[in-house]
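Read through the structure below, which is laid out as structure tokens, and then see the notes.
The values are calculated or read from the model by the stated rules, or taken from the named source; none is laboratory data. Computed from a predicted model, the values in this text were never measured in an experiment. Cβ sites come from the backbone with ideal geometry, for glycine too, and all protein chains shown count toward neighbours. Quick note on the areas: whole protein, heavy atoms, side chains included, nothing else; ligands and nucleic acids left out. Shrake-Rupley method; radii C 1.70, N 1.55, O 1.52, S 1.80 Å.
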Amino acid sequence: MNNNKLIAEFMGDYDYNIEGAIPYGDFTNSWDWLMPVVEKIESLGYEFFIVEDRIKIAHNTDHSTETIIDFTLGGSKRDATYKAVVEFVKWHNKKA
């Protein structure tokens, strides 16, 4: 599945044209479209840490912290964030 489509479905937008493009933006190329996804992940109770090209997504409960994503991409901050969002959405969809 196209990663942008995967993210758009997670965000609740199912309106695609024939080419499968997202009508309101490309998550890979714009912080304006990527950051609302980070905010949605945080609204689900996860902490999203972005430090340069290092990303960590964790879920804190009253008793423990579970790390969901933890990696260093070795590229740009935006690319690392995009990769982490994709991996989180895939993980989230599997557990649902």
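Observations
- Those residues of the stretch 44-62 whose amide nitrogen sits under 16 Å from the label point placed on Asp70, 7 Å along Cα→Cβ: 47-51, 54-61
- Extension reserve of the Ala58-Glu87 stretch, reckoned as 0.36 nm per residue once the Cα distance is removed: 9.2 nm
- Computed [θ] at 222 nm, helices only, for the chain once each DSSP H run of length n ≥ 4 contributes -39500 (n - 2.57): -13500 deg cm²/dmol
- When a 1.4 Å probe is rolled over the protein heavy atoms, the share of accessible surface on the chain that falls to carbon and sulfur comes to 47 percent.
- Rounded to the nearest 10 Å², the accessible area of Tyr82 at probe 1.4 Å: 40 Å²
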